[in-house]
Amino acid sequence: MATSTSKYAYIDCDPNLCVGCQLCEYICSFTKTGEYNSYHSRIRTVRVDEVLITAIACRTCENAPCVIVCPRDALTQDPVTGIIDINATKCDGCAWCIEACDFGAISINPQTALAEICDQCKDEPDGPQCVKWCPKEALTLTTPDQRAQKSRAKLISETLNIPQKATDPK
Ligand code: SF4
Ligand code: SF4
């Protein structure tokens with residue numbers, strides 16, 4: 001699976017906790033459209049291998065390829081948060097951004113035929129709703145520091161052959 005070197009926060013999923021229930025997709029859809037329709041979700045569940053499932057939302061890449069490739073300058077990235085904004089009056093649904101995203105984290109809304117992407121529920125007072133409602137607490141809005149700490153803990157647990165949860169910061 002592709003990895004991100006984002007210097008911004010993004011929603012991360014622990015595949016060891018995710019059970020693929022898709023509740024995150026339905027909650028995302030409801031939050032953004034008022035409908036429970038997973039096709040309108042900005043977070044996607046994907047199978048990592050035969051056993052593991054995870055959920056993917058925008059990884060707020062630095063120099064985001066979707067922004068660079070858009071021929072209509074419909075995408076902009078907030079320099080502080082890294083959140084990608086889509087200007088619906090410029091987007092024509094060409095899907096170049098989808099081709100450019102290594103994570104499959106941007107999609108075309110089947111009704112509007114316009115691009116859509118996770119904005120970390122920036123307008124919700126209690127933050128990303130998928131994180132809030134995931135029944136397995138598999139989702140976290142992580143900062144780069146938290147991700148680095150988690151990687152170190154994983155390395156230590158693998159090196160010492162101890163259960164990862166003992167050293168795994170949420
Ligand atoms: S709601 Fe949580 S457990 Fe269910 S698919 Fe989404 S991330 Fe996985
Ligand atoms: S679908 Fe819209 S946002 Fe994506 S590349 Fe095309 S014009 Fe830009």
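Within the range 68-97, the set of residues being surrounded by fewer than 18 Cβ atoms within 10 Å (Cβ to Cβ) and either within 18 Å of ALA9 (Cα to Cα) or under 14 Å from the mean Cα position of the chain (by Cα) (or both) comprises THR76, ASP78, PRO79, VAL80, THR81, ASP85.
Looking across the range 105-116 at every residue that is more than 6 Å from ligand 2 (Cβ to nearest atom) and outside any loop (DSSP other than H, G, I, E, B), the one that is farthest from CYS58 (Cα to Cα) is identified as ILE108.
If you go through the range 104-132 and keep only what is out of contact with any Asp or Glu (no Cβ under 8 Å at 6 or more places or on another chain), within 15 Å of ILE83 (Cα to Cα) and in contact (Cβ under 8 Å) with a residue 12 or more places away in the chain, you end up with ALA105, ALA115, GLU116, ILE117, CYS118, GLN120, CYS121, LYS122, GLU124, GLY127, PRO128. Checked against the criteria, ILE27 does not count as part of a helix (DSSP H, G or I), farther than 18 Å from LEU141 by Cα and in contact (Cβ under 8 Å) with a residue 12 or more places away in the chain. Among what's in the range 1-19 and is modelled with pLDDT under 95 and among the small types (Gly, Ala, Ser), pick the residue that is farthest from ASN63 (Cα to Cα). Going through the qualifying residues, I end up with ALA2. Taken over the range 30-48, the criterion of being in contact (Cβ under 8 Å) with a residue 60 or more places away in the chain and surrounded by fewer than 16 Cβ atoms within 10 Å (Cβ to Cβ) is satisfied by TYR39 alone.
Among the residues of the range 130-143, at least one is away from ligand 1 (no atom under 16 Å from the Cβ) and closer than 25 Å to ASP14 by Cα. For the range 85-104, the set of residues classified as within 12 Å of ligand 2 (Cβ to nearest atom) and closer than 23 Å to VAL46 by Cβ consists of ILE86, GLY93, ALA95, TRP96, CYS97, ILE98, GLU99, ALA100, CYS101, listed by residue number. Per this entry, GLY82 is not counted among residues that are out of contact with any Asp or Glu (no Cβ under 7 Å at 6 or more places or on another chain), outside any strand (DSSP E or B), of a type in the set (Gly, Ala, Ser) and within 16 Å of ligand 2 (Cβ to nearest atom).
The values are calculated or read from the model by the stated rules, or taken from the named source; none is laboratory data. Because the structure is predicted, anything quoted here is derived from the model rather than measured. Methodologically, a virtual Cβ is constructed for each residue, glycine included, from the backbone with ideal geometry; neighbour enumeration extends over all protein chains shown.
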